[in-house]
Amino acid sequence: AVPPELYGVYSEDDVGNLRATFSAYDQDGSGTIDKDELKKVMKEFGFSEEDVDAVFEEANADGDALITFGEFLTLMHKERHKGGDTNFGLIAERMEFKVNLQMAQVIFYCFLLVTFVVLIGNSTMLFQFFKCR
């Protein structure tokens with residue numbers, strides 16, 4: 001859920017993009033990010049164990065050892081207003097880019113598939129048309 005202090009700050013599209021980024025961190029689909037999940041993503045981008053600890057401590061506002069979507073949004077908001085130059089801001093931007101790139105690739109492959117199906121369908125119809133002549 002979006003924290004009350006962030007109502008109206010993000011558009012529905014922004015929340016959707018941030019939810020997709022959050023889901024990429026939440027590798028087990030539990031709805032929360034634990035420290036191991038955060039570590040996997042951060043290590044992928046070359047960050048150290050100390051970086052993981054610092055980001056997790058800052059993000060886990062309620063101290064329950066899990067980052068909720070609300071905590072993620074709150075931290076993203078803080079990081080974006082700091083200029084996005086902290087570790088978490090950089091990781092989140094890279095992850096958001098990666099998720100958006102993956103979405104673009106899926107859309108591109110769907111476009112290719114539809115184009116291929118249309119071409120195959122048209123070539124079959126053309127073949128049938130000329131075969132009958």
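So that you can scan it fast, the table gives a plain yes or no per residue for (1) in a loop (DSSP other than H, G, I, E, B); (2) out of contact with any helix residue (DSSP H, G or I) (no Cβ under 7 Å at 6 or more places or on another chain); (3) not hydroxyl-bearing (Ser, Thr, Tyr):
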| residue | (1), (2), (3) |
| --- | --- |
| Lys43 | no, yes, yes |
| Val52 | no, no, yes |
| Val55 | no, no, yes |
| Gly63 | yes, yes, yes |
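Does any residue in the range 43-67 that is within 15 Å of Asp26 (Cα to Cα) come within less than 6 Å, Cβ to Cβ, of a residue that is open to solvent by less than 60 Å² (accessible area, probe 1.4 Å) and assigned to a loop (DSSP other than H, G, I, E, B) six or more places away or on a different chain, and which pairs are these?
Cβ pairs passing all conditions: Leu66/Asp34; Ile67/Asn60.
What number of residues within the range 34-85 are surrounded by 15 or more Cβ atoms within 10 Å (Cβ to Cβ) and basic (Lys, Arg)?
Kept after step one, since they are surrounded by 15 or more Cβ atoms within 10 Å (Cβ to Cβ), are these residues of the range 34-85: 34-35, 37-39, 41-42, 47, 51-52, 54-56, 58-60, 66-77, 79.
Narrowing the set further to residues that are basic (Lys, Arg) leaves 35, 39.
Within the range 34-85, residues that are surrounded by 15 or more Cβ atoms within 10 Å (Cβ to Cβ) and basic (Lys, Arg) number 2.
Run Gly31 past the list (1) surrounded by 14 or more Cβ atoms within 10 Å (Cβ to Cβ); (2) over 17 Å from Ala54 (Cβ atoms); (3) in contact with a Ser or Thr (Cβ under 9 Å, 6 or more places away or on another chain) and report the number of the one that doesn't hold.
Condition (1) is where Gly31 drops out.
Can you go through Phe88, Phe47, Phe69 and tell me which one is among the hydrophobic types (A, V, I, L, M, F, W, C) and at pLDDT 85 or above?
Exactly one of Phe88, Phe47, Phe69 is among the hydrophobic types (A, V, I, L, M, F, W, C) and at pLDDT 85 or above, namely Phe69.
The values are calculated or read from the model by the stated rules, or taken from the named source; none is laboratory data. Everything numeric here is computed off the predicted structure, so don't read it as measured data. Quick reminder, even Gly has a Cβ in these numbers, built from the backbone with ideal geometry, and neighbours come from all protein chains shown. Please note that ligands, DNA and RNA were not included when accessible areas were found on the heavy atoms of the full protein model with its side chains. Shrake-Rupley method; radii C 1.70, N 1.55, O 1.52, S 1.80 Å.
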